[in-house]
Each structure stands twice: as C-alpha cells, then as structure tokens.
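Written out below as structure tokens is the structure these notes cover.
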Ligand code: LMR
C-alpha cells in the first residue's frame, strides 16, 4: 500500500510534467583568468551566494582560464546565449562603446581607490548601461588593479621600450599607448600570451601582478617595472534580453549575490596583487624595478598624447569626471 502511494505520488509529479519552475536556470559564467585571482575568486563567490539565495532555482557553472571561451569568443557567446555571464577586462569593450575606453587612458587614475570612486559615481554607473542597445548589460565593476610593464631588458625610461613588440589586449588606446613609445603593439588573446612571450613572438607585455604571477609571465620575462601606468578592471555583463526575461525574484537574488561577490572581489584584489608581487620577487626569475619619480614623469609625458587622440571618442566630460575621482572629496 505504502509503495503504491509512493508510486502514485511520483506519477503525479511526472504527470505535472517537467515544469520550468522545477528546473534550475543554468547560468554559465565564463572567464579567462585563473581561479586564484580576484576575478576567479569572485566568480566562485557569486556561484556560492546565488545558489544559497536561490536554492533549486539557479545553478551557476563557472568556467575559468578560457576553458569554455577565450577573449573574442566569449563576446560572441554571450550574444548568442551560449553563456549567460562574462567579466571581460574593460579594455575589451571598445567594439561596443568608445566611452569605456576612458579606463585605458595611461596614468589617469592615481590608485584603485580613485578607480573605485569613479565607478561609484553617476558617470561611472552610467557606463554599466552604455551597451544596452548592443544587447549587453553591466551588472557590476570588479577591480583587478594597476598594470605593470615587462620585457627581457630593464624598462626604466620610455626609450627602453622603443623598437620592442608588446602584447596588448584588444584596445585601440593600448595600441596607441605603445605606438607613442615607438614600440609595436600586438593584440593577442590572454590565453596566448605566455607562449608568445616564451617563443619571442612578442618581447613584452603589461598586466597586473596577479595575472603575471598566475600565468607565469614572470618566468618568461627577465624584468618587470612597477609602473602602475594603467587600470585593469572588469565589467560583469549579461545578455540584456536574457536578464530582462528572468523572473523578478531570480533577478533580485542574482543582484544580491552580485553585490556580495563584488565586495569580495574588491576586498581581496589588492591583497592578491601584493601577494603575487612578493611571490614573483621570491621566485628569482625576474628583477622587479621601481621607478623614481623622475622616471615615472617621463613615462607619463611620453604616453600623454594618447589622451588628446581619444578625447573626441571618449568625451571630455567623462575624462574630467574620471580625473575628479583622484581627489577623495569629489563624488
Ligand atoms: C588580459 O587579457 O590581459 C586580461 O584582460 C585578462 C583578465 O581578464 O584579467
């Protein structure tokens, strides 16, 4: 009798059909960095929180290290609905909007606190929505940190970079930045950088300490200069149509999970970068150079023409708003 009852109950569930409400919504979150980086950790935190807040309703699958899609492909994949969430570096959106290029202007931000203030300002928040007409909606900014520059020779003054080929992310501003130094920029997907450095396809690169360490770039580069010359942050984006089609409670839960993951990311980013720097120094494979204020001023001067070149595309107002964030009192 009992068995019969159980079977009837199971049958009733089956008859009710595979109701959409009972199938968790699968969210594929693809990114290109290692798990032990700010973005890698934050993506896992997002999964943990989303599944805790929406039990049985969502399942978040995180794919790190370009496992599922690399740089260019992930943009395509989100448009096609093959992934639901990605968090590319801000340098990689220039096909969608010229405004986000503001983050690539060399020596714009004094430190990550300034970047944070800008992202929290009205002008910064507007950027999250700046690609909606192209089908992409930004949910949050995530920090990585400031970029350092490396090669197989010491890079102490801008002339040292002359004639070298540098790997860059897919950004025209970053291309112009290296051209201003008399160097050759080469756009390459993140997953291809280590090999390009090792085989000599490129002579140098720029990235944050956590990316340099987790990708072992320091094993293929004899010298790294702590230049802090540019920002490398992310925007977590979703396919706007997919997001707007989610049930309200799911959207609310995911928004909450994103807020928590963003805080985690921004709390650990600086520490992970500092730890990576220490590990690179301890590895003994590379010499880390610190610029004197006079040397730093030379790099700033050499890269400054890039600002004028792109002011028209980005907009002076936006550049001014970003500059204002260097002062703690604004915003
Ligand atoms: C890069 O391509 O160097 C970075 O955008 C990788 C990343 O996502 O941090």
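Taking the stretch 50-70, which residues are in a helix (DSSP H, G or I) and out of contact with any strand residue (DSSP E or B) (no Cβ under 9 Å at 6 or more places or on another chain)? Spell out the reasoning first.
So the first thing to find is which residues in the stretch 50-70 are in a helix (DSSP H, G or I), and the list is 50-53.
52, 53 - these are the residues of the stretch 50-70 that are in a helix (DSSP H, G or I) and out of contact with any strand residue (DSSP E or B) (no Cβ under 9 Å at 6 or more places or on another chain).
When the stretch 125-151 is examined, which residues are found to be under 19 Å from residue 229 (Cβ atoms) and more than 13 Å from the ligand (Cβ to nearest atom)?
Residue satisfying the conditions is 151 alone.
Identify the single condition in (1) free of Cβ contacts under 8 Å to residues at least 40 places away in the same chain; (2) touching a helix residue (DSSP H, G or I) at 6+ places or on another chain (Cβ under 8 Å); (3) within 13 Å of residue 209 (Cα to Cα) that residue 280 does not satisfy, given that it satisfies every other one.
Here residue 280 clears every test but (1).
If you take the residues in the stretch 62-81 that are in contact with a helix residue (DSSP H, G or I) (Cβ under 8 Å, 6 or more places away or on another chain) and in contact (Cβ under 8 Å) with a residue 40 or more places away in the chain, which one is farthest from the ligand (Cβ to nearest atom)? Explain how you work it out, then say what you get.
Let us first name the residues in the stretch 62-81 that are in contact with a helix residue (DSSP H, G or I) (Cβ under 8 Å, 6 or more places away or on another chain), namely 62, 64-66, 68-71, 75, 81.
Going one step further and asking which of them are in contact (Cβ under 8 Å) with a residue 40 or more places away in the chain, we end up with 65-66, 68, 70-71, 81.
On the way: 65: 10, 66: 9, 68: 14, 70: 9, 71: 6, 81: 22 Å.
Looking at residues that are in contact with a helix residue (DSSP H, G or I) (Cβ under 8 Å, 6 or more places away or on another chain) and in contact (Cβ under 8 Å) with a residue 40 or more places away in the chain, I get 81.
Residue-wise test of (1) in contact (Cβ under 8 Å) with a residue 40 or more places away in the chain; (2) buried (at least 24 other Cβ atoms within 10 Å of the Cβ); (3) over 23 Å from residue 281 (Cα atoms); (4) in contact with a strand residue (DSSP E or B) (Cβ under 8 Å, 6 or more places away or on another chain).
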site	(1), (2), (3), (4)
210	yes, yes, no, yes
214	yes, no, no, no
219	yes, no, no, no
225	yes, yes, no, yes
235	yes, yes, yes, yes
240	yes, no, yes, yes
245	no, no, yes, no
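Of all residues in the stretch 91-118, count the ones that are more than 16 Å from the ligand (Cβ to nearest atom) and outside any loop (DSSP other than H, G, I, E, B). Please lay out each step first, then the result.
Let us first name the residues in the stretch 91-118 that are more than 16 Å from the ligand (Cβ to nearest atom), namely 97-99, 102, 105, 107-111, 113-114, 116-118.
Filter again for outside any loop (DSSP other than H, G, I, E, B), leaving 99, 102, 113-114, 116-118.
Summing the residues that are more than 16 Å from the ligand (Cβ to nearest atom) and outside any loop (DSSP other than H, G, I, E, B) in the stretch 91-118 gives 7.
Among the numbered criteria (1) under 15 Å from the mean Cα position of the chain (by Cα); (2) in a strand (DSSP E or B), which single criterion is violated by residue 39?
(2)
For the stretch 74-98, enumerate the residues that are surrounded by fewer than 22 Cβ atoms within 10 Å (Cβ to Cβ) and over 17 Å from residue 169 (Cβ atoms).
Across the stretch 74-98, the qualifying residues are 77, 79, 80, 81, 82.
Quick check, is residue 28 within 20 Å of the chain's Cα centre (by Cα) and at pLDDT 95 or above?
Values: within 20 Å of the chain's Cα centre (by Cα): yes; at pLDDT 95 or above: yes.
Judged against the criteria, residue 28 is a match.
Hey, among the residues in the stretch 169-190 that are buried (at least 16 other Cβ atoms within 10 Å of the Cβ) and part of a helix (DSSP H, G or I), which one's nearest to the chain's Cα centre (by Cα)?
190
Would you be able to tell me the number of residues in the stretch 72-90 that are in a loop (DSSP other than H, G, I, E, B) and either more than 14 Å from the chain's Cα centre (by Cα) or at pLDDT below 95 (or both)? Quick ask: steps written out before the conclusion?
As a first pass, look at the stretch 72-90 and keep what is in a loop (DSSP other than H, G, I, E, B): 81-84, 87-88.
Among the residues that remain, those that are also either more than 14 Å from the chain's Cα centre (by Cα) or at pLDDT below 95 (or both) are: 81-84.
Total satisfying the criteria: 4.
For residue 71, work out the one condition from (1) crowded, with 19+ Cβ neighbours inside 10 Å; (2) assigned by TED's automatic domain parsing to the domain that holds residue 191 it doesn't fulfil.
With (1) crowded, with 19+ Cβ neighbours inside 10 Å; (2) assigned by TED's automatic domain parsing to the domain that holds residue 191 applied to residue 71, the lone miss is (2).
The values are calculated or read from the model by the stated rules, or taken from the named source; none is laboratory data. Everything quoted here is computed from the prediction, not taken from an experiment. No Cβ is skipped: glycine too gets one built from the backbone with ideal geometry, and neighbour counts run over all protein chains shown.
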